[in-house]
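Step one of this worksheet: look at the structure below.
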Amino acid sequence: MPLSAYLHTVDLCVLCYCRAAAELKLLLNKREAEPFAGHWALPGVVVNGDVQDLSLKDAVERLRASDKVGLDLAWSEQVGTVGDAFRDPRCWSSSTYYLAIVADEMALGEHQGWFSLSSVADGSIKLPFDHNSIVAAVHERLLSKSLYSNLPLMFLGPEFSAPEATTIFSLVLARPVLKTSIRQRLLKLMEAGYLRETGRKKNGEGGRPQATVENLKPGAVYFFDRSFAD
């Protein structure tokens, strides 16, 4: 590329809750082209005048529907934009990056893989470009927003139990959360019309039946009047 070349990409940090491993996972793609061919990296697409996207939202949907992702998203939000002359060896480049959540750890293509979110965020798993710092910023957004919203519940799908809610909040916040605090939050969500009791039960830890609630507003974030940091 000539020195005047410029690249802008939209990159997705797609996260899921792996119940078997009891941890959050990050979707990565094995790069086919240089630079860094054969390396694991965030899924992304180039945005320029040669594509049909009319907005960044269009670019996110194009990426989501491609074989780099190919998953239904329970949530997505723009986290930030970075750019300089050094992050890409080809030219000056920038990236607008997003936090995205899927409700299940779905099967992937051969060029895709689920990796430990915390291991990528802390640099234990090295990624090309500045993708480690992007993942760290997304991880921080997830943590900070989860202190005062129902965002972690996006990992659980349309129906879940109170113990599952306690587990996912504790996992996302990286510290134990009181069951009473979660029950108070679930009650707030029911009062606000976000959840309702299903009358059904599912087997929980030790095979004990647990009452479930249904998410009436999938993809909608509720902000609590008190934070877990209070």
Completion exercise
When the charge dipole of the range 58-128 is computed with +1 at the Cβ of Lys and Arg and -1 at the Cβ of Asp and Glu, the Cα pointing farthest to the positive end, of 125, 100, 59, is that of 125
Practice task
May I ask you to compute the full-extension gain from residue 84 to residue 122, defined as 0.36 nm times their residue separation minus their alpha-carbon distance, rounded to one decimal in nm?
Solution key: 11.5 nm
Practice task
Between 81, 166, 198, find the one with the highest GNM mean-square fluctuation for the chain; connect C-alpha pairs within less than 10 Å.
Solution key: 198
Fill in the blank from the handout: Longest principal axis of the chain (C-alpha) makes with the long axis of helix 131-146 (C-alpha) an angle, in degrees to the nearest 10, of 30
Handout entry: Sorted by Cβ neighbour density within 10 Å, fewest at the top, the residues 91, 13
Key = 91, 13
Problem - Between 0 and 90°, nearest 10: helix 56-65 axis offset from the chain longest Cα axis - result: 80
Handout entry: Label-to-label distance, nm, for residues given as residue 19 and residue 196 (7 Å Cα→Cβ offset)
Key = 2.4
Exercise for the section: Report, to the nearest 10°, how far helix 179-191 tilts away from the longest principal axis of the Cα atoms in the chain, using its own Cα long axis and a range of 0 to 90°. Expected result: 90
Exercise for the section: Would you indicate which of (1) 19.0, 55; (2) 18.8, 59; (3) 19.0, 64 is the value of Rg and Dmax of the Cα atoms in Å derived from the coordinates of this structure? Expected result: (3)
Exercise for the section: Between 174, 136, 103, find the one with the highest GNM mean-square fluctuation for the chain; connect C-alpha pairs within less than 10 Å. Expected result: 174
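Taking the range 81-172, which chymotrypsin sites (Phe, Trp or Tyr not before Pro) meet the DSSP loop condition and have no more than 13 other C-beta atoms within 10 Å?
86
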Exercise for the section: Give me the distance in nm between label points sitting 7 Å out from Cα along the Cα-to-Cβ direction at residue 220 and residue 61, one decimal. Expected result: 2.1
Problem - the range 1-106, dipole about Cα centre (Lys/Arg Cβ +1, Asp/Glu Cβ -1), debye to the nearest 20 - result: 160
Handout entry: Mean-position separation - Cα centroids, the range 106-162 and the range 9-62, in angstrom
Key = 12
Practice task
Could I have the simple spin-label model distance between residue 36 and residue 143, label points 7 Å from Cα toward Cβ, reported in nm to one decimal?
Solution key: 2.2
Problem - Listed residue (9, 83, 218) projecting farthest to the positive dipole end of the chain, Cβ model - result: 218
Exercise for the section: Just add up the charged neighbours of residue 57: K/R +1, D/E -1, any other residue whose Cβ is under 15 Å from the Cβ of residue 57. Expected result: -3
Completion exercise
CD proxy, 222 nm, the chain: helix-only mean residue ellipticity via -39,500 (n - 2.57) per DSSP H run with n ≥ 4, per residue, nearest 500, stands at -7500 deg cm²/dmol
Completion exercise
Counting sequence-distant residues (5 or more places) and residues on other chains, those with an amide H built under 5 Å from that of residue 210 are 202, 203, 204
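Computed from the coordinates by the stated procedures, all read-outs in this text should not be read as laboratory data. These figures come from a predicted structure and were not determined experimentally. Methodologically, a virtual Cβ is constructed for each residue, glycine included, from the backbone with ideal geometry; neighbour enumeration extends over all protein chains shown.
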